Amino acid sequence: MAKAIRPSDKTDPSDKTTVLQGDQGTLEHELQKAKEQEACLIIIRGTPQGHRFFLSKSNMNIGRDPDADISVSDQSISRKHAQIHKKNGKVYITDLGSANGTFINDKKISKDEKTLLSKEDMIKLGNSILKFLPAGQLEILFYGNLGSAAHTDGLTKIYNKSYLLEALDAEFKRARALHTDFSILFFDIDFFKKLNDTCGHDCGDYVLKELARIVKNRFVKPKDIFARYGGEEFVLLLANTSLDMAVTVAEQMRQAIEHHPFMYEGKKLTVTVSVGVACLTTETDSPTTLLKAADKVLYVAKNHGRNQVSHI
C-alpha cells in the first residue's frame with residue numbers, strides 16, 4: 001500500500017511572498033529584457049520541441065512546408081495549415097482549410113475565421129502543440145535554450161538529462177519570478193537491476209520504453225517536462241502545480257504503472273516505481289536544491305519498502 005511521508009517541519013504556504021528577496025535587481029533586469037521581446041509561438045509538443053517562433057511580421061503562415069514562416073515538421077500538418085495575423089497589438093490565427101483542423105485549447109476553430117489569441121493559449125496543429133505568449137512576457141526568455149534534437153534520449157524518445165537541467169533552471173526562474181507553484185517528481189523502477197539480470201537487457205529496455213510511453217501519454221501535460229535522468233531514473237517537472245496536486249499525480253502514476261500489463265516474450269512482468277515529490281518553497285535557493293530534495297525523498301520511499309510515494 002502506497003503511503004506519503006510527511007515531515008513535521010511543513011513550510012507555511014504564506015511564506016511564498018518572500019521568495020524574491022535579494023533577487024529584485026535580477027528580476028528587474030529580466031523584465032526589461034522581456035519587454036523587448038516580440039510575441040511568439042513555442043513548440044511544446046512536436047519538432048523542433050522548445051523552439052520559439054517570434055511573430056515579427058503582420059502575416060505569417062504556419063505549415064509543414066519548409067518555406068513557411070513557421071515551419072513545423074509534422075506529417076499530420078498541412079503544408080499551408082494556418083496563418084497568424086497581427087493588428088493593433090493583438091494576434092489572431094486563421095485556419096487555411098487544413099486537413100486536420102486547427103484547435104485552440106482543444107476547441108476547433110472555423111476555416112477562414114480570425115480567432116484572437118490570449119496568453120498561454122495552446123494551439124494544436126495535427127499532432128503538434130504550440131503555446132502562444134504575447135509580446136513582453138517574462139516566460140519568453142526562459143524558453144531560449146530549450147530546443148534541440150540532441151536533448152532527446154535515444155531509447156525512450158523523451159528528454160535526456162541535459163535538456164532536463166536546462167528546463168529545470170528555466171522553470172525555477174519563472175516560478176520564482178511569477179510567484180507560481182512548481183513541483184518535481186523524481187522516480188525510478190524498483191529492483192530494475194534484478195530485472196535486467198534475470199530477463200536480460202533487451203527486456204530492461206522494453207520496460208524503460210513502455211514505462212516512458214505510459215507516463216508521457218497519461219500524465220504529461222503540454223507545460224510539463226518529462227525526462228530520463230539516467231539508467232532507470234526519471235524526472236517529471238510540473239509547472240503551476242502545488243505539492244498536494246503533485247502528490248496526487250505521483251500516486252495516480254504509481255498505481256497506473258503497478259497495474260499495467262508489462263508483457264515481454266509472452267511473460268507478464270511485475271513493474272513498480274518509487275516516487276519522491278518536492279515543491280518550490282521559500283527555502284529553495286536553487287534548481288539543484290529542489291532536485292536534490294526530490295531525490296532525497298525518493299530514497300525515503302525506497303527505504304520504506306518501495307512502490308510508494310514520499311514527499312517533503
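The values are calculated or read from the model by the stated rules, or taken from the named source; none is laboratory data. Only a predicted model underlies this, so the values are computations on that prediction, with no experimental measurement involved. All Cβ positions, even for glycine, are placed from backbone atoms using ideal geometry, and neighbour counts span all protein chains on display. Accessible surface is based on the protein model in full, side chains and every heavy atom, while ligands, DNA and RNA are left aside. Shrake-Rupley method; radii C 1.70, N 1.55, O 1.52, S 1.80 Å.
All of (1) closer than 20 Å to Asn160 by Cβ; (2) of a type outside the set (Val, Ile, Thr); (3) touching a strand residue (DSSP E or B) at 6+ places or on another chain (Cβ under 6 Å) hold for Lys209 with one exception: (3).
Among (1) under 24 Å from Thr282 (Cβ atoms); (2) open to solvent by less than 10 Å² (accessible area, probe 1.4 Å), where does Gly204 come up short? Evaluating Gly204 over (1) under 24 Å from Thr282 (Cβ atoms); (2) open to solvent by less than 10 Å² (accessible area, probe 1.4 Å) leaves (1) as the failure.
Being modelled with pLDDT of 95 or more and hydrophobic (A, V, I, L, M, F, W, C): is that true of Ala239 here? When the stated conditions are applied, Ala239 does not pass them. Residue check: Glu258 meets all listed conditions (1) under 25 Å from Thr180 (Cβ atoms); (2) out of contact with any Cys (no Cβ under 8 Å at 6 or more places or on another chain); (3) not hydroxyl-bearing (Ser, Thr, Tyr) but one, namely (1).
Which ones in region 201-255 are in a helix (DSSP H, G or I) and of a type in the set (Lys, Arg)?
So in region 201-255, the residues in a helix (DSSP H, G or I) come out as 201-219, 243-255.
Of everything in region 201-255, those that are in a helix (DSSP H, G or I) and of a type in the set (Lys, Arg) turn out to be Lys209, Arg213, Lys216, Arg218, Arg254.
If the requirement is being in a strand (DSSP E or B) and surrounded by 15 or more Cβ atoms within 10 Å (Cβ to Cβ), which of these qualifies: Lys80, Lys86? Please lay out each step first, then the result.
Working: Lys80 fails: in a strand (DSSP E or B).
After applying the criteria, what remains is Lys86.
Selection over region 256-312 of residues that are part of a loop (DSSP other than H, G, I, E, B) and over 15 Å from Asp190 (Cβ atoms) gives a count of 11. Lys124 meets the conditions (1) open to solvent by less than 60 Å² (accessible area, probe 1.4 Å); (2) modelled with pLDDT of 90 or more in every case but one. The failed one is (1). Here Ala82 passes the criteria (1) without any contact (Cβ under 8 Å) to a residue 40 or more places away in the chain; (2) under 19 Å from Pro66 (Cα atoms) except the one numbered (1).
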